Structures are given as structure tokens and as C-alpha cells.
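The values are calculated or read from the model by the stated rules, or taken from the named source; none is laboratory data. All values derive from a computational prediction rather than experimental measurement. Cβ atoms come from the backbone with ideal geometry, glycine included; neighbour counts cover every protein chain shown. Remember, those area values only see protein heavy atoms, side chains included, never the ligands or the DNA or RNA. Shrake-Rupley method; radii C 1.70, N 1.55, O 1.52, S 1.80 Å.
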Amino acid sequence: MRLLKELDERDSMEIGRSLHSFAADLYPICRSITGEGLRQTLGMIGQRIALQISEIPTGTLVFDWTIPKEWNIRDAYIKDEAGNRVVDFQRCNLHVVNYSTPVRAKIPLHELRSRLFTMPEHPDWIPYRTSYYKEDWGFCLSHNQMLALQNTEYEVVIDSTLEDGHLTYAEYYLPGRSEHEILISCHACHPSLANDNLSGLVVATALAELMSGHDLRYSYRFLFIPGTIGAIAWLARNHNAVENICHGLVLTGLGDGRALHYKKTRRGDAEIDRTMAHVLRHSGSPYEILEFSPYGYDERQYCSPGFNLAVGCLMRSVWGTFPEYHTSADNLDFIRPVQLAESLRTCTSVLDVLENNYQYRNLNPYCEPQLGKRDLYRATGGEAIGVDINARLWVLNFSDGEHSLLDIAERSGLPFSTIKDAAELLCRSGLLSVVGDESAANRNADNSTSRRAGVGRLPPGQGVIALG
Amino acid sequence: MRLLKELDERDSMEIGRSLHSFAADLYPICRSITGEGLRQTLGMIGQRIALQISEIPTGTLVFDWTIPKEWNIRDAYIKDEAGNRVVDFQRCNLHVVNYSTPVRAKIPLHELRSRLFTMPEHPDWIPYRTSYYKEDWGFCLSHNQMLALQNTEYEVVIDSTLEDGHLTYAEYYLPGRSEHEILISCHACHPSLANDNLSGLVVATALAELMSGHDLRYSYRFLFIPGTIGAIAWLARNHNAVENICHGLVLTGLGDGRALHYKKTRRGDAEIDRTMAHVLRHSGSPYEILEFSPYGYDERQYCSPGFNLAVGCLMRSVWGTFPEYHTSADNLDFIRPVQLAESLRTCTSVLDVLENNYQYRNLNPYCEPQLGKRDLYRATGGEAIGVDINARLWVLNFSDGEHSLLDIAERSGLPFSTIKDAAELLCRSGLLSVVGDESAANRNADNSTSRRAGVGRLPPGQGVIALG
Amino acid sequence: MRLLKELDERDSMEIGRSLHSFAADLYPICRSITGEGLRQTLGMIGQRIALQISEIPTGTLVFDWTIPKEWNIRDAYIKDEAGNRVVDFQRCNLHVVNYSTPVRAKIPLHELRSRLFTMPEHPDWIPYRTSYYKEDWGFCLSHNQMLALQNTEYEVVIDSTLEDGHLTYAEYYLPGRSEHEILISCHACHPSLANDNLSGLVVATALAELMSGHDLRYSYRFLFIPGTIGAIAWLARNHNAVENICHGLVLTGLGDGRALHYKKTRRGDAEIDRTMAHVLRHSGSPYEILEFSPYGYDERQYCSPGFNLAVGCLMRSVWGTFPEYHTSADNLDFIRPVQLAESLRTCTSVLDVLENNYQYRNLNPYCEPQLGKRDLYRATGGEAIGVDINARLWVLNFSDGEHSLLDIAERSGLPFSTIKDAAELLCRSGLLSVVGDESAANRNADNSTSRRAGVGRLPPGQGVIALG
């Protein structure tokens, strides 16, 4: 449990403030699923971890989808007749419907109205809207802003470009002792939205920094990608890597004030599901575990039936269930250092369990070994035993080649770290030996393959050909 | 979902009144497990649906049973010394213990008493009693009637015959695209009892009328039979047909005012069990699901271990649990048009699910297909999706060759009809294809065979030989 | 159900008094894991049942353990300067830390203190402490006794011997029709402690007496052994017998006033687990069922992963959870005749179920057989059936070669005895036949072997060689 110990040696408030500060740096950028805002964001992450950047040309086929044109924007506004910018992209990049085509026109209010998006139930907030796959334009504004508009003509300008270019994504690959991988994925395509996007980016970046430089059991792949199309593009181009993914998490919405919510993988009983449940159960904080559903974040793609990867999703507030979702109220005040730090700690705990969840073998399976002569038992008989001795008995009794440490932790009700400590002590005492590292990892990978949802293997070269 | 739609296009109160009216026509007839009353009843049903009538001679062996003598009755009474009929079969056919042997005698009250059945706890009701398999006679009367009897001699007449003849039953066979069958069975042997008998007959008849003339996936077999001995006789003579039965329902007690109760098949997790649970859960009405038990109606025979058919039982009040059960209070007032109509609708919903519960295959199993370019998604990103789009995502994600539409409905929590609509739309869009009709039906039939309760196949010709 | 009937024909209060009286006879003896107190105890049990006594020499290796030196004690005390025995082994044998090495010394109180054990929270009680595997000495006394000690010098005498000798245990083997065994084990090593030790010894002895002289399905082995080392020694020397153990119970703590607690086997769903749950559920008394854990009594050894025997543990109060545990308050007042008798009755019920839990085969599996013609049904139709007829229907329907009588009792909710009576009646009527006695017993034994927890078979001769 080195990772968590290392994290816990640091000041957690300082960690939180550092996460929030990085989110604040990223906040003003106008990101989208393509374009310079996305590149700039990946560039700033790349100053912390060694990202490998990929650019996929417009028009490339990725499974059923096509890489869209690249969108960039410099300015946009609605000006009244007096020349005042009554809606101004420079003040908030949510004001423009993301992926709006360029426009320069004078339009009377009654014609403009169908292109204006507001939230009457929150009259001061600006909604976030997009039109990636249908060429269109529009503005988002607060309902009060709209009520203040006069029934006259307005000058409407969107200084954007929508042209052949590239879709950009980044990955950070951290090699471990095994080529079997843990995938951490977060979307990087939302503009000035703090919880739904930036919180995931900053936690994933910090997690990657924390993991690097360690001798790791698994290899790790961190993906920073535009939502949906980015995940699809990555899967189409990397189906060899997919074979190695044993466990995965989509990270987003990790900064707000609600309890942690974990949405299970499509399989529902994957090791990541059981690990997350264990960590949350012992966290001391409230939490909720949600069944898999095919709507949500990029777990939709990783858990599509052809892949059926063991990828869950960790959030605090669940998409669509909180009023600030996809509005200007999802701002830097909505996310808090202490909550970002707790989310990072939860991820770290989970990875620590996965890194350490081996099977062991009791080398004296017939009756208990005599712990007393090895100073592993209490000296005076007749008294109760402590939790440490209890953990040793659990590990010995269930290290039968069929139970992992997580299985034993779950069955005993003890925290994984207590069980892990007992296993290490018993190993040092010659009473226990680990069941081969590689075989354990292979078991997971085989599992992930055989549990593909009955649709057969990806045809050889399908992803590659699709990219033509 | 054509069947339910067709039913819902009609006036449900009118349907209810029509069901009740048919019950009222059948009510006065003195039915038994053999005889003219049973024939007359089947004749009246036969005016609505094309019944095939079978007559099995007295003495025929059917498994462990023997077809009994045929019973007919013209009149019966108890006359006091003044010549008044103090108990009169002409006023209520429950007054005679069903299957009473003929008698003409003068008997003092103290001798007669052991042959009189009353219900002291409901002093105005007449109980329903039978003596099919032990030759005997008796009268049923209200407790108040008995209390009014004088301690004198009475003239006792039962003008019945119990002689070699036949046992009669009827079936209505509706061929579908597959020879795999759905069995609907109801008993037709009770005399003037409305809920426990007639409600089942009229609902089953209406269901048969509703189904006929459609292009159906399954073949349907409606059985109108005397209880116990009729089911046993049919099973003994039709073991080839038994092989084809995939799903089945015993219908009875469908007119009273209690919630619908479904008693599960012996298997407990058959498709009919899951279908009924789904339909009832989404019905908006209270309901209850009961575990299988070997006492009840003719599911006792269909679910005997040698057959172990997937046959459940739909009722409102459960046999033996309501005071009116097997008494004269189970009359035409006890059953109501609105309740009969709701029962018919539930049966129709269930058959609609079974008819449509195919497996489909997602033709783009790697990542989501792009619904937007097919106009199957909302145009503006950032907004929530509706239940229809959600249903499409569920169908796509779980159409992996392992989940039927019912599986997907259950896992998503959405009604079957919503899931079915999504599947049809996705088929039309080329994103989904049905997994072969025949293979799906075969799977059920194989299932039903292989799940025979470990007693091996019926020996060839056993039923036939038994019929000698 | 002969065993239970035989027990119930006797006066249960008389049984209880007799159990308590035997416990009172055994109470004063200073037992330990070796020595004359243990031999004397086994001798007194041996006056009731024909025990086979084993003696294993000091130094013998048994798996990871070594048979310790034999301990005997004649006297021990702490004398004040006035020559008064302020702590006196003759008054209570708990006063000496069990297995204390001999000592004769004058020691000032401040030096003596570290060797004195008290219970400040129960200042009048003497704790029970041992030091079997670390040579040491000490005294246990009430906290009030300790407070009364003066800060002067005391004469300390422990007149014990700790020398090469033997470990003693006893077994009572009762052969049945099959060599498949039921193991009843209780520890016999605690000195004057009534519930935690003696209650198990007296109930097990009475159970053995009750069983003997019957024609039994299973063979029975009753073990009276020193805790931990005795179970380990027996397992090491008897691995051939282990192969035959199908079911087992550790008995202890059966006399106090709490509800019965059953701790499940490591397997969790063994026949003994299901039997005990059934018996307790129908007992009419409160009870509790605990999951397996690797701490407790000798089930720790029987359920070690190399053996993984189907051995559970029946108690009233659970070790360590009641204040009197391992103190002088666990005395003859703490156990009551009525509770000892109820514990014996529960054990008898359990063995009765195991003896009778066969599978039967319905010889008329197609439809119900006609019970009426065999006088196994009610004569007048239309009335409700009683529980006896209901039990017959359950037995017929589920005697399909896959369900034992216990399975049927569980599924029907009826008591095992009702189901068993129905099965016997149906056998006599020619409707049912038992599935081969031997095959049923073999099934259990195979089960027990194949469910070994993945650690392979005991290497041939391991136990023997270990005993060198």
C-alpha cells in the first residue's frame, strides 16, 4: 500500500488547493471536441506528465463514425443598435453554441429567438449547448439577458472556422511489470465547466504524477480525449491495446459537494467493481453505487458489447441530476479543494488494492500453523485476540488458491490494508507464498476477453482499415 | 404489440360487460366432471370458437387414474311431511353433493344429518361439495335451512344416474408459425360457481377469439376440461403435444375484487414467470406473486415432475383463502365486468410479450453507432435525452446474442413495449437484426425438455397404451 | 425420527438434572491439555461410554506442532508473612496460570505483580489464563484479592511438574451401516469452567449414550480432546478417517441462558448447515446463525483449508462475548438443567434429520397418482386439505431424484418430521421408493472430498510420518 501511504504523507489540503489551482488555470480555455482550445489544454497537462499527442484527420472513419471538421473560434457577440455587446463570448465562452458555424448578420429579435438557449428555471445561468454533428449556430445566454432584449434588430457575429483539420487526443502510458493495463479515461472537450470536465482532468493528471516512478504491477494508460468521438477514435485505433485492459475508470465530476458515486461496469462484478465497493465501504464517508446503464460518459464506449471492458465511472454528482450540470454555475466555486483531494485519495486507494490484490497459498494448509512459536500470536492463553491476529487467521484459512486478498477482505469484513499487512507478515514468516504474479494478471486478462459479450473478436485490422 | 393495441382500441367496459354476460349465460348449468351439463357448457363455448370435442369412455386408464362413470342429474330435493321441498336442486344446483348416487327414501332427520353439509360460520350460504371417486350421496344447504328442519321424517330424492358413459373435454388449437405451443387451460366442471370456474372460461374464450386470425409466432392450445381428471386424461393422450409446450397458464378466479395473484411454475424462473412478473410490475395495479406449490388447480398436473411444464396460474383471489370460495356466495355478483376485463388485458399483455420476446443482434457492437446521423438522437448536445433514446441505447448495448428484449426490459426498468418499439426502429435503421425466430423458439422448447425434473422421458406409447 | 421420539419419551427435566449432575462431578478437576486431570475426566466419561484412549508422547510432531511436555500440579499458593494462604489453588484451580512451571520463592509484591492476572471490571472474579507453549508461571486472582495484598514479601509456591510424558485424548466410535461418519467433537482441557467445556462434554456424552444400540445410517465418532493441540493431533494421526467424515459438530457452551448460536462450516452451505438452520427455524425458540470465521473452537482445525470438513459449531453464548467467559463466574450456577436438556434435544433433532435425509423417487411421476383410492386423500371434495395431505403432495412432486427430504421440507416450509412421515406413508403405499442408501451417503462423502479447498489431497503418509 505504498501509493496511498505516499499520498497520505502529504498535506491533503495542499493537494486539494493544488488540484483546484490547476483547474483554475484550465478554466478560461474554450475547449471543444477539436481545435486549439483542446490542444492548449493537452499542452498544459503535458507540462506535468509526458503526454503522447495524436492527431486524426477530418474524414477518418472510426467504426460507425467520421472524424468531424476542426472547429476554432476567436470571437462572437450579439450587439444592440447602440453598438453594445449584449452577449459576449469574451466574457463567457458558453455564450456560443459549441461548434457554431461562422455568421455575420443583422437579424431582428423575432428571427434570432429560435437560436437562443436559456434556462428559465435558473434565470441568471447560461446553459451549455453543442451542435457537433449538425452544422448550425446559436447563442446561450441567461434568461434575464434574453428578457432584456429589445424587439429590434441585432448584429450577430460568430468569428469561427469549421474546416478540415484534426481531432486531437493525448495519452500517458506508464509501463508496469506486466503489459496488462489499467485504463484511466477522462474527457477534455468541455469549455468553461469546472466539475464536468476539469475536475476529472486534474485528478487524473495528479494520479498519473503520483503513479510514475514506481515499480508497478500493471501498466497504466491515462487518456485525455474529447468525449464520445475521442473514445471511439482511440478504441478504433488501438484494439491491440484493448486486449490488455483488465480494469478501468472513467473520471469526471469529482469536485462538487455530493457523496462519491460509482457506476459499475457492464459486467457488474468485475474486480474494479468489487474493489471500488470495498474502498468506498471502508472510507467512512457516504457513497452510492449505481448499476451500469448505457448512457453517461465514455464508459458507454468502453462497455459497448463488442468491447465489454471492465471500465466503471467514478463521480460525485451524477450527470443530469444536479441543477448546475451543463450550466455556467458549474464554475470554480462549485468545486472545492477538499473534495478534489478526497476523490484523488479514493482513486489512489483503488489502484493500491488492484496493485496488491494477489492470491496467496497457505504453505501449511492442514490445521493452523503454530503462530505462537513465530511470535505471531498473543503469549497468554485465555485472552481475546486482536484484529491483527484475526487477520492472520483469515489470510491463512482462505489462502487456498481460490481467494484473493480482496476476497478475504470482503469475507472477513476487515479493510484490505489489514489483510495485506497480515499476508506480508505471513510471507516473511514462511507460512504463505504469493501465487505467481503473472498468472494472476493473466487470469484477469483472459477473463476480460472471454467475457466479451458474445459478439466475437474484433475482426483483424478492422480499426486500422477503418482509418484508411 | 398488436394484440394489446387491438384490445385497447375497444371499450374496456363493454368488454367487461360482455364477459360477465357470457358468464351469466353459463351460470345456471349444473356442470360436473362428466355429463350433459359439461357438454352443454362446451357447446356454448363452441358457438364462439371452433372447439374440438373429445369423449373418453368410462373405465379408460389414464396414468394412475381411471375415467369414472358418467353422472347426470335431473332433480333432487328433501321434502318435509307436508310435502314442501325444504331443499330443492331446482333452486340451486349446489344443494346436491356433486356426483351423488341416486336415492329415493324416507329418512328420519337424525339419520339424514350425517349426509348434510352446512357452513355454520356463514349461515345463509350453501357449500359446494363433491364425491367423484367414492360412490355416496348427500345434500348441501345453508346452516339456517338445517336449523329449521324438524326432528321428523323426510322424503329424500336424488334423481341422478351414475353409469358407464364418457368424460368430455374440448380444445381449441390455433396454429402459429412455429409448432411450439402456449397452453391456456381452465377447468369447466364446477356447477353454479361464478369466480371459481366461469371467470376462467369466459376470459379464456375471449382470449382465444382475440388471438384468432392473427399471424402468430407460437401455436396456441386452449383446454376446457374437467379439473384434475380432465388434465390427466389430456396429458395421457397427448404426450406428443406436450413436447411442444413452451409456456402455459391455468386461468381461474379472474372476476373477483382482489389483486391479481400469479402462482409461479415449478421451475420458478421460466419465461412465463418472468413475463408475468414484468407485466404485473408495470401494470400500475397491486399484485402478488406466489411461489409454486403442488396444491391448487391443474398446474398440479402440468407441473408434476414427469412433465415439469412451464405452466403458471393466474388468479385474483387464491383458492381457499376467501370466504366465498366453494360456496353459493361465489355467484354472479361476486364477479365484476371491470375485473374480468382487467384480467383479460393482463393475459393479452403477457401473450404479447411472449410473441415479441426475441433476441436481436447489434450489428455495430464496437462503440455506439452514430444515432444522430440517422435522426435517432436529439439534435442539440448538452440536453438530457428522452426515454425513447434511452431505450435505443439499452437495446443496442444488450443485443449481444445473450439478452432477449424481456431481459433488456428487466435490466433497464423500462416497459417491454418501449424496448420493443426501440428494437423495431433500430431494425428499420439497419442497426439491429433479429436472431432467427425458429432458433429462439427452439431454445425454449429444448429448455422445457431438458428441464424435466430428472425422471427421464415419457416411455414411448405410455399414454396410448394406458388408454388401451 | 426414532432418536428424537426416544428422547422425548423421557422426562426432559430429569435429563437436564442428570446432565448438570455429571457436570458437577467433573467440575472440581484441574484439567489441562495434558496430565492427570484430563485422564481422570476421560476416565469418568469412560464409565458411561466405551472410550478408546490414546496417549501421544511428548515431542511427537503433528503437522506444524509438537506435543508439549506433560503438566501436572499438586498444589500452589501465595502465602503472606503471617503464613496465610492469600491465594490458594486448593480453593480454586483457576488461581494458577495453567501450565505454570514449578516455583518456590520469596518475592516482594512489586516483583510479583507482573505475574498476577486480575479483572478490574469484575473485581470478585478470577480470570482463566494459560501459558501452554511458553514456559512461564503466574497466578490469577480476583481484583479485590490483589488490592488487599500488602507491599511486603510473599512466599510463592507452585508445586507442578512439566516433564516429558503424553498428551491424552479419547474417542468413542459407533459403527453404522455406512462407514461415512458424523464427527462430534468437544474440548476437555479447561479446569473448573462449567459452560466453556463441561457443558459440551456432558451433552456429547449423553448424545453418544442415546445413539448407541441403534441401527444407524452413519457411523459416529465422538472426540473428547484437549483444545487445538488435541484436534491437530487427532487429524494428523487419522487422515484415513477424515476421508469418511460427511458432517460434524463442535459442541461447547451449551448450558448458559442465551439463545442457541450455530456457527456455519467454512463451506457455508453444507448439509449440516442446512439441517441446523431447519431444526432451529422450527424449534420455536430464538436462535442465531453465524457465518464461518477462522477463530473460535476446534472447527478452526477441522475447517482449515487442507481439510475443509463440513464441521460447524453449536453454542449458546459465543466465546468472548459474555462477561463470564474464561472466568470463575463460568461456574455450576451459570449452566442450567433446562438449557442443557434443550441443547441435547437440538443435537438429537439434527442427527435425526441427517439419519433420515434420503432422496426418494416418485414412481408415478406423470401427473399426481390417485391418492383417494389409497385412502391418502380427504373423502369429500370441495373442502380444504390438511397439512398431512399437503406434505404428501410436496413429497410426490419433488421426489424427482434431485431433491432430498430436507430440500422438500425447506421448499414447502413444513417441518422435516412431517415430510418424513409423508414419505414413509407413500413408500408403504407403493408410490415412492428410496434412492439407494449407499449412493446417498457416497454422494455426501464425494462432495466433502471434492470440496477440499483447492489444496490437493493430504500427501500419503504425511500424518504418519509426522508422528515419526
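Tell me, please, whether a residue that is under 16 Å from the mean Cα position of the chain (by Cα) and open to solvent by 20 Å² or more (accessible area, probe 1.4 Å) can be found in segment C:319-327. Please lay out each step first, then the result.
Filtering segment C:319-327 down to residues under 16 Å from the mean Cα position of the chain (by Cα) leaves C:319.
Then keep just the ones that are open to solvent by 20 Å² or more (accessible area, probe 1.4 Å); that gives C:319.
Within segment C:319-327, one or more residues are under 16 Å from the mean Cα position of the chain (by Cα) and open to solvent by 20 Å² or more (accessible area, probe 1.4 Å).
Mind checking which pairs have a first residue in segment B:287-299 that is within 11 Å of chain C (Cβ to nearest Cβ) and a second that is among the aromatic types (Phe, Trp, Tyr) and outside any loop (DSSP other than H, G, I, E, B), Cβ under 9 Å, 6 or more apart or different chains? Every condition considered, the pairs that remain are B:SER293/C:TRP394; B:PRO294/C:TRP394; B:PRO294/C:PHE398; B:TYR295/C:TRP394. Here C:TYR133 meets each of (1) under 15 Å from C:SER32 (Cα atoms); (2) open to solvent by 60 Å² or more (accessible area, probe 1.4 Å); (3) away from every other protein chain (no Cβ under 12 Å); (4) not charged (D, E, K, R) with one exception, condition (3).
For residues in segment B:367-395 being assigned to a helix (DSSP H, G or I) and facing another protein chain (nearest Cβ under 7 Å), which is farthest from A:LYS134 (Cα to Cα)?
The residue in question is B:TRP394.
When A:VAL353 is tested against the conditions (1) under 28 Å from C:VAL97 (Cβ atoms); (2) more than 9 Å from chain C (Cβ to nearest Cβ); (3) open to solvent by less than 30 Å² (accessible area, probe 1.4 Å); (4) assigned to a helix (DSSP H, G or I), the lone failure is (1). Cβ-Cβ contacts under 9 Å between residues 6 or more apart (or on different chains), taken from a first residue in segment C:1-17 that is surrounded by 11 or more Cβ atoms within 10 Å (Cβ to Cβ) to a second residue that is modelled with pLDDT under 95 and not in a helix (DSSP H, G or I), are listed as C:ARG2/C:HIS214; C:LEU3/C:HIS214; C:GLU6/C:HIS214. Report yes if some residue within segment B:332-353 is in contact with a Cys (Cβ under 8 Å, 6 or more places away or on another chain) and either under 21 Å from A:ASP64 (Cα atoms) or touching a residue at least 24 places away in the same chain (Cβ under 8 Å) (or both); otherwise report no. Scanning segment B:332-353, I find no residue that is in contact with a Cys (Cβ under 8 Å, 6 or more places away or on another chain) and either under 21 Å from A:ASP64 (Cα atoms) or touching a residue at least 24 places away in the same chain (Cβ under 8 Å) (or both), so the answer is no. Scanning segment B:90-122 for residues that are over 21 Å from B:THR152 (Cβ atoms), in contact with a His (Cβ under 8 Å, 6 or more places away or on another chain) and open to solvent by less than 50 Å² (accessible area, probe 1.4 Å) turns up just one, B:MET119.
Report the residue count in segment B:162-188 for those that are outside any strand (DSSP E or B) and open to solvent by 10 Å² or more (accessible area, probe 1.4 Å).
Step one: filter segment B:162-188 for residues outside any strand (DSSP E or B), giving B:164-165, B:175-180, B:188.
In the following step, the residues that additionally are open to solvent by 10 Å² or more (accessible area, probe 1.4 Å) were identified as B:164-165, B:175-177, B:179-180.
Residues meeting the conditions: 7.
Counting only residues that are of a type in the set (A, V, I, L, M, F, W, C), over 19 Å from the mean Cα position of the chain (by Cα) and in a loop (DSSP other than H, G, I, E, B), segment C:1-48 holds 3 of them.
Residues that are outside any helix (DSSP H, G or I) and touching a residue at least 40 places away in the same chain (Cβ under 8 Å) do not occur anywhere in segment B:416-427. Highlighted here are the strands (runs of 3 or more DSSP E) found entirely within segment B:194-312 that include at least 3 residues which are open to solvent by less than 30 Å² (accessible area, probe 1.4 Å) and closer than 21 Å to B:ILE29 by Cβ: B:219-225. Screening C:TYR128 on (1) modelled with pLDDT under 95; (2) open to solvent by less than 30 Å² (accessible area, probe 1.4 Å) shows it passes everything except condition (1). None of C:GLY401, C:GLY413 is farther than 30 Å from B:SER100 by Cβ, among the small types (Gly, Ala, Ser) and within 7 Å of chain B (Cβ to nearest Cβ) except C:GLY401.
Could you please let me know if B:ASP25 is in contact with a Cys (Cβ under 8 Å, 6 or more places away or on another chain) and surrounded by fewer than 20 Cβ atoms within 10 Å (Cβ to Cβ)? So B:ASP25 does not fit the description; no.
The set of residues in segment C:358-384 that are free of Cβ contacts under 8 Å to residues at least 12 places away in the same chain and touching a helix residue (DSSP H, G or I) at 6+ places or on another chain (Cβ under 8 Å) comprises C:TYR366, C:CYS367, C:ARG378, C:ALA379. Within segment C:396-434, if we keep just the residues that are of a type in the set (A, V, I, L, M, F, W, C) and more than 33 Å from the chain's Cα centre (by Cα), the residue that is surrounded by the fewest Cβ atoms within 10 Å (Cβ to Cβ) turns out to be C:CYS427.
Residues that are within 14 Å of chain B (Cβ to nearest Cβ), modelled with pLDDT of 95 or more and closer than 30 Å to A:SER304 by Cβ occur in segment A:70-87; there is at least one.
Counting only residues that are free of Cβ contacts under 8 Å to residues at least 12 places away in the same chain, open to solvent by 60 Å² or more (accessible area, probe 1.4 Å) and within 26 Å of B:TYR128 (Cα to Cα), segment B:31-69 holds 1 of them.
Of the residues making up segment A:147-161, those that are surrounded by 20 or more Cβ atoms within 10 Å (Cβ to Cβ) and either within 14 Å of chain B (Cβ to nearest Cβ) or of a type outside the set (S, T, N, Q) (or both) number 3. Determine whether segment C:336-344 contains at least one residue that is in a loop (DSSP other than H, G, I, E, B), touching a Gly at 6+ places or on another chain (Cβ under 8 Å), surrounded by fewer than 21 Cβ atoms within 10 Å (Cβ to Cβ) and more than 7 Å from chain B (Cβ to nearest Cβ). Within segment C:336-344, one or more residues are in a loop (DSSP other than H, G, I, E, B), touching a Gly at 6+ places or on another chain (Cβ under 8 Å), surrounded by fewer than 21 Cβ atoms within 10 Å (Cβ to Cβ) and more than 7 Å from chain B (Cβ to nearest Cβ). Just to verify a result, which residue in segment A:89-113, among those that are without any contact (Cβ under 8 Å) to a residue 40 or more places away in the chain and more than 35 Å from the chain's Cα centre (by Cα), is farthest from A:LEU193 (Cα to Cα)? This residue is A:GLU111.
Scanning segment A:207-245 for residues that are of a type in the set (S, T, N, Q) and touching a Ser or Thr at 6+ places or on another chain (Cβ under 9 Å) yields A:SER219, A:ASN244. Quick check: is even one residue across segment C:70-88 surrounded by fewer than 21 Cβ atoms within 10 Å (Cβ to Cβ), in contact (Cβ under 8 Å) with a residue 12 or more places away in the chain and touching a Ser or Thr at 6+ places or on another chain (Cβ under 6 Å)? Within segment C:70-88 (the criterion being surrounded by fewer than 21 Cβ atoms within 10 Å (Cβ to Cβ), in contact (Cβ under 8 Å) with a residue 12 or more places away in the chain and touching a Ser or Thr at 6+ places or on another chain (Cβ under 6 Å)), the answer is yes, since at least one residue qualifies.
If I ask for residues that are acidic (Asp, Glu) and within 17 Å of C:ILE232 (Cα to Cα), which ones from segment A:362-396 would you list? Correct list: A:GLU368 only.
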